[in-house]
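Worksheet for the structure shown next.
The values are calculated or read from the model by the stated rules, or taken from the named source; none is laboratory data. None of these values were measured; they are calculated from a predicted model. Every residue, glycine among them, receives a Cβ derived from its backbone with ideal geometry; neighbour counts consider all protein chains shown. Heads up: the accessible areas ignore ligands, DNA and RNA and are worked out on the full protein's heavy atoms, side chains in. Shrake-Rupley method; radii C 1.70, N 1.55, O 1.52, S 1.80 Å.
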Amino acid sequence: MSNSHDPDAASPAKAPKSPADVETATAGVGHGVSAITRRWKREDLLKKGSLIARGFAFILSLLSFIVTASNKHGGWENFDNYEEYRYLLAIAILSTLYTGVQELRHVNALWNANQILDPRVSAMVDFFGDQVVSYLLISSVSAAIPMTNRMREGQDNIFTDSSASAISMSFFAFLLLAISAMISGYKLSTQSYI
């Protein structure tokens, strides 16, 4: 049998379609579904990323609070004697409370699929709360660093080492809350107000 009646037999083999041709040909089919699934994955990643950042910020704030509060070694080696360390402690407590409440609220929203606050209000609370607490953390760190540096010039001991570790943990908590604030800002900017 001859394939002389088949028009494709006489012509050279057809080149396979490029991915762009296939994508153009199927643009109407399933395009909306794939865009929706990509958006859902991105939103899920943002929720989990914000949750993880706040979780680590909670742990670091709690550790900074514990280390600062327990930094009492008698005499001049007592954090109560220095205004800068009392401020560091107060902001570490505030940050621990804020991140803990936010963690509970977000875990509740993920597990129970119901939100305590309206999504728009929630996005604003996340954004402004993250910003305010992160700015307070960096201000407490910047207030305590000069005092610790002056003390370390004269004498390096367990008091100054503990102070430096509490300052470092507060700084890393600031970085994590700043990342969370950027994620919250992105979520706030993509809210539909219709």
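Structural remarks
- Looking only at the range 117-155, and only at residues there that are in contact with a Phe, Trp or Tyr (Cβ under 7 Å, 6 or more places away or on another chain) and hydroxyl-bearing (Ser, Thr, Tyr), the one that is farthest from GLU77 (Cα to Cα): SER134
- Considering (1) surrounded by 15 or more Cβ atoms within 10 Å (Cβ to Cβ); (2) in contact (Cβ under 8 Å) with a residue 24 or more places away in the chain; (3) of a type in the set (S, T, N, Q), the lone condition that SER122 does not fulfil carries the number (2).
- Residue match in the range 139-152 (condition: closer than 30 Å to GLN191 by Cβ and surrounded by 13 or more Cβ atoms within 10 Å (Cβ to Cβ)): yes
- Residues considered: GLY100, GLY129. Of these, the only one that is touching a residue at least 24 places away in the same chain (Cβ under 8 Å) and within 18 Å of LEU188 (Cα to Cα) is GLY129.
- Residue match in the range 102-117 (condition: at pLDDT 90 or above and closer than 11 Å to SER170 by Cβ): no
- Any pair with Cβ under 6 angstrom, 6 or more apart, that starts in the range 75-89 at a residue that is closer than 22 Å to PHE171 by Cβ and ends at one that is of a type in the set (S, T, N, Q) and in a helix (DSSP H, G or I): PHE79/THR68; TYR87/SER140; LEU88/THR68; LEU88/SER140; LEU89/THR68
- Looking only at the range 159-194, and only at residues there that are within 26 Å of TYR82 (Cα to Cα) and open to solvent by 40 Å² or more (accessible area, probe 1.4 Å), the one that is modelled with the lowest pLDDT: ASP161
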